Amino acid sequence: MLTTISVAGTISAQGPRVANHADGRVTILSGLARLTGWPVGRLVSGAAALALAVGLGAATPVRAESLLNVSYDPTRELYREFNEAFAEYWVAQGNEAPQIETSHGGSGSQARSVIDGLEAQVVTLALASDIDKIAEAGKLPENWQSLLPHNSSPYTSTIVFLVREGNPKGLKDWGDLVADGVEVITPNPKTSGGARWNYLAAWAWAEKNGKDPKEFVGELFTHVPVLDSGARGSTTTFAQRGIGDVLLAWENEAYLALAELGDDQFDIVVPSVSILAEPPVALVDANIKSDGQRKLAEAYLNWLYSPEGQAIAYKNFYRAWDASKANPEDVARFPELDLVTIEDFGGWKKAQPEHFGDGGIFDQIYVPK
């Protein structure tokens, strides 16, 4: 079977696939040459396919633009649906069908990949501090967070507990998680944005309840048997491997587990204190190869804020801003919560190095098992 790949932002070659790579790229054999690039996920027109097939060494580009969205772990379902809907919208505006790819992983690891050369045109990560690091590397402007509404966060989430059906350990709030015999599943705060929100929510609860937060969070991590690199890995550990009594989860990830694995398997417990998680988005200027690609990337991010894009976010269990086209049931599912914000920690520029930087508080309190 022939595979079409895009290289450096344009559809460039077609041939038999000979290798798959860990970052999602593939290598094909085109004539006597081996070419590596991103597989094109959507069908191109017959004329375009014919043009791609002509010639052994010289590739013929077509007008369709490509875009890579580097995202964090629990957004797979969201962007699978959003990408399809946006592509239909883009074509309806008179454009060629876009070639959109999305990469997922721990937010910190994904940011590092972009800094190290992964050519994302768009990043949709779990933390502003991760995008700040990309800005510090010179790949996007320092004021990126002011360029889109709501601090460049088209949707928000929070942290809840996912427990096994019937909540056999009777876990109701953060203090219950350090009881004897309770195993807590959370990813690694050094690589996962969701894990950093988990950590800060626990810290805020301790402060509000008169406990030493450093001591409490340190004790909490003694109850963690395994640290996965990202939120989706921790969900798999808890829900499919059956490890642990409670999963500290993005609210959207907890609802997804109920929807996909059955509400007869798990319950959601809402703690008395949680945190407003604002997963931001940004255009990576340094990786834009053409005016057409910039137009596509800007439209992609802006459409996240459209009523249609917001409805998709609500459907995928995120708290969006515009409910005008959302299913009312999708909007009504979210309970009111007492939420602290990252500003209560001095913002990410203070919290990131203080808690999660090398030698920071997490490094001081966590002893690997």
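Suppose R0 equals 45 Å. What FRET efficiency, 1/(1 + (r/R0)^6) with r the Cβ-Cβ distance, do A92 and S272 give to the nearest 0.05? Could the numbers behind the result be given before it?
On the way: r = 46 Å, r/R0 = 1.03.
Result of the calculation: an efficiency of 0.45.
Multiplying the sequence separation of V331 and D264 by 0.36 nm and subtracting their Cα-Cα distance, what value in nm do you get? Write down the numbers at each step before the final one.
Details: separation 67, 0.36 × 67 = 24.12 nm, distance 2.24 nm.
Gain in length upon complete extension: 21.9 nm.
If R₀ is 41 angstrom, what is the calculated FRET efficiency for the pair D358 and K289, using the beta carbon separation as r and rounding to 0.05?
Once the sixth-power term is evaluated, E becomes 0.75.
Among the aspartates and glutamates, which fall within straight-line cross-link reach of K349, defined as a Cα-Cα distance under 13 Å, with same-chain neighbours fewer than 8 residues apart omitted?
D130, D132, E136, E142
Taking all protein chains together and a probe of 1.4 Å, list S113, S146, S66 from the most accessible to the least accessible.
On the way: S113 45, S146 85, S66 10 Å².
Heavy-atom accessible area, descending, gives S146, S113, S66.
Taking the alpha-carbon distance from K350 and a cut-off under 26 Å, which lysines remain once sequence neighbours fewer than 8 residues away in the same chain are dropped?
List returned: K133, K139, K190, K208, K211, K214.
Need one number: nm distance between label points at R241 and V367, each 7 Å from Cα along Cα→Cβ, rounded to one decimal.
For R241 paired with V367, the spin-label model returns 2.3 nm.
Using label points projected 7 Å from each Cα along Cα→Cβ, tell me how many nm separate K214 and S324, to one decimal.
Here the modelled spin labels are 5.0 nm apart.
The values are calculated or read from the model by the stated rules, or taken from the named source; none is laboratory data. Everything numeric in this text was worked out from a predicted model, so none of it was measured. Cβ: placed from backbone, ideal geometry, glycine included. Neighbour counts: every protein chain shown. Please note that ligands, DNA and RNA were not included when accessible areas were found on the heavy atoms of the full protein model with its side chains. Shrake-Rupley method; radii C 1.70, N 1.55, O 1.52, S 1.80 Å.
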